[in-house]
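Rule-based calculations on the coordinates, nothing more; no lab input. These numbers come from a predicted model, not from an experiment. Because the Cβ atoms are built from the backbone with ideal geometry, glycine has one as well, and the counts that use them run over all protein chains shown.
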Amino acid sequence: MVYIIRLMLIACVILMGSCSQDQNEKDSQLALMKTTNPNPIVTEQNKGVDKVKKIEKEVSSFDEIYDVAVVKGKKATLVVYKVKHMQRFNMKKIEANLNKTLEENYPKENFTVSSDYKIFLEAVRLIERKNTGKLSEKQAEKRLNEIIKMTSDMK
């Protein structure tokens, strides 16, 4: 009798443990869909903050885009974004429209635009480190240039 109770207890524990694994899998599948909306940053202190916020607002106004990160350096500005799931078929068209809009409105800026999720994550990490003070302006500029180089290597 004790043997049967122990066996039932072990079976219940295994059954309950296997049910909880699906929740972790669902959470990881939704990670691409979650919005982070990081604040835009400038690697140089107090230079062009208003312009960067304006760029972010303009990129966010696109209906196909739901999350944007903008990092402005001395020579280049990185704009990374996430596209709504059903709009992924139009990625090239969206990027072309975004490039055209940015170039028309900010002709003096040198933009690097990417929808790659890895680049988005790297930009968000850069923003977080810069905002928490873990990176100096010089280090942030160096990391920004590395991320921009990554985007050109992926194309």
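Worth pointing out:
- Linear extension gain, K54 paired with L121, 0.36 nm per residue minus alpha-carbon span: 22.0 nm
- Ranked by the mean number of other Cβ atoms within 10 Å per residue, highest first, peptides 96-103, 142-149, 1-8 order as 142-149, 96-103, 1-8.
- Stretch gain in nm, segment E146-E104, where the contour uses 0.36 nm per residue and the Cα spacing is subtracted: 12.5 nm
- Cross-linked pairs K108/K142; K93/K149; K51/K75: Cα-Cα separations exceed 18 Å for K108/K142; K93/K149.
- Across the range 99-152, Cα-Cα distances exceeding 15 Å account for 54% of all pairs.
- Normalised by the number of residues in the range 102-155, the average gap of Cα pairs under 8 Å and 6 or more apart makes the relative contact order 35 percent.
- Packing-based ranking of 110-121, 66-77 yields 66-77, 110-121, ordered from highest to lowest mean Cβ neighbour count within 10 Å.
- For I65, distant residues with modelled amide H under 5 Å away: K84
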